[in-house]
Amino acid sequence: MTEYGELIQQAAHVLRGARHPAVLTGAGVSQESGVPTFREALDGLWAQYDPEELATPMAFQRNPKLVWDWYAHRRALLGAVQPNPAHLALARLEQRFSSLRIITQNVDDLHEQAGSTHIIHLHGNIARSKCVANCQGNPTLIDLTTLDPADDETPPKCPHCGEFVRPDVVWFHEVLPAHAIQDATAAAQRCDVMLVVGTSGLVSPASTLPHLAKQHGATIIEINPAASTISPIADIKLTGPAGLLLPQLVEVLDVEA
Ligand code: APR
């Protein structure tokens with residue numbers, strides 16, 4: 001076992017004693033997968049558009065095909081990337097802690113692809129689609145593979161009610177899914193350790209969750225190469241890329257099981 005920093009040992013010691021760890025991830029956990037950020041995806045012909053024209057309910061009402069095609073473009077970009085060692089380390093952590101909850105701000109499905117199973121998507125999941133009217137309940141998820149391939153009109157139509165199908169992501173000016181907020185709040189209140197990985201802590205309500213966890217007695221371990229709004233309340237701050245530090249943390253845990 002290569003020598004790991006003292007802080008990794010400390011973090012592993014804290015995790016070893018945990019019963020209900022939780023994880024909050026942001027765009028930083030997908031950075032080493034090369035996931036294009038929202039702005040990076042505004043490339044080529046998309047560079048002419050403003051996000052407000054592509055990622056709001058009003059934009060979808062005004063031009064559903066443009067918005068659908070923008071998300072098809074982002075899905076294609078995401079289709080080319082893989083989970084990185086940070087995602088894989090978190091999936092290994094779930095094998096040790098079956099109650100582990102991952103609360104993510106990311107709309108990619110790299111945690112799922114890495115093998116994690118208890119994931120709370122605060123801002124939705126770009127790999128999923130839903131009926132714009134949520135005609136069968138909120139959300140009315142639609143499996144695109146079950147739709148008639150001969151009907152190549154975009155956006156596709158909901159097979160239940162005929163309304164448009166839209167990406168299952170939270171757009172600007174939309175509220176977060178109530179079930180996601182409830183689940184994330186419960187996980188933050190219940191956890192005894194919260195790993196905060198790759199988030200600037202600038203976007204609420206995600207940024208309030210580490211504070212809530214701390215108020216309920218949790219130890220906060222932050223993994224981020226830079227400072228964030230969470231850093232001041234972190235009990236242990238591991239400064240560096242998640243793709244390097246998370247595997248080290250999990251390896252120390254596993255070795256000294
Ligand atoms: N490992 C860990 N952290 C990293 C890495 C890395 N390899 N690379 C960058 N980071 C950190 C940055 O230092 C930064 O603190 O990831 C964080 C990314 O911050 P943001 O880009 O603000 O992403 P996030 O905190 O997830 O908030 C973005 O706001 O844009 C909206 O809804 C959108 O969910 C999105 C949220």
Exactly one condition in (1) among the polar types (S, T, N, Q); (2) in contact with a helix residue (DSSP H, G or I) (Cβ under 8 Å, 6 or more places away or on another chain); (3) open to solvent by less than 50 Å² (accessible area, probe 1.4 Å) is not met by Gln113; state its number.
(3)
If you check Ala218 against the conditions, is it of a type outside the set (D, E, K, R) and more than 20 Å from the chain's Cα centre (by Cα)?
yes
Scanning region 184-217 for residues that are among the β-branched types (Val, Ile, Thr) and more than 16 Å from the ligand (Cβ to nearest atom), the one farthest from Val14 (Cα to Cα) turns out to be Thr185
Kindly indicate whether Leu42 is within 13 Å of the ligand (Cβ to nearest atom), at negative phi, of a type outside the set (D, E, K, R) and assigned to a strand (DSSP E or B).
no
Can you pull out every residue in region 14-39 that is open to solvent by 10 Å² or more (accessible area, probe 1.4 Å) and away from the ligand (no atom under 16 Å from the Cβ)?
Val14, Arg16, Gly17, Ala18, Arg19, His20
Tally time: how many residues in region 161-172 are surrounded by 15 or more Cβ atoms within 10 Å (Cβ to Cβ) and either of a type outside the set (Phe, Trp, Tyr) or outside any strand (DSSP E or B) (or both)?
8
Conditions (1) within 21 Å of Phe97 (Cα to Cα); (2) open to solvent by 30 Å² or more (accessible area, probe 1.4 Å): number failed by Ala187
(2)
Does Arg96 satisfy the condition of being open to solvent by 60 Å² or more (accessible area, probe 1.4 Å), in the same structural domain as Asp183 (by TED's automatic domain parsing) and either within 16 Å of the ligand (Cβ to nearest atom) or more than 21 Å from Ser30 (Cβ to Cβ) (or both)?
yes
If you go through region 238-257 one residue at a time, how many are among the small types (Gly, Ala, Ser) and at pLDDT below 95?
1
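Just to verify a result, which residue in region 199-244, among those that are in a helix (DSSP H, G or I) and in contact with a Gly (Cβ under 9 Å, 6 or more places away or on another chain), is surrounded by the fewest Cβ atoms within 10 Å (Cβ to Cβ)? Even if it seems obvious, please write down each step before you answer.
Step one: of region 199-244, the residues in a helix (DSSP H, G or I) are 206-215, 231-233, 242-244.
After this cut, where a residue has to be in contact with a Gly (Cβ under 9 Å, 6 or more places away or on another chain) as well, the list is 206-207, 210, 231, 242.
Working: Ala206: 22, Ser207: 19, Pro210: 27, Ser231: 15, Ala242: 28.
Selected residue: Ser231.
The values are calculated or read from the model by the stated rules, or taken from the named source; none is laboratory data. Quick caveat, the model's predicted, so the values are computed rather than measured. Note: ideal-geometry Cβ built from the backbone for every residue, glycine included; neighbour counts use all protein chains shown. Note: accessible area is taken over every heavy atom of the protein model, side chains too, but ligands, DNA and RNA are not part of it. Shrake-Rupley method; radii C 1.70, N 1.55, O 1.52, S 1.80 Å.
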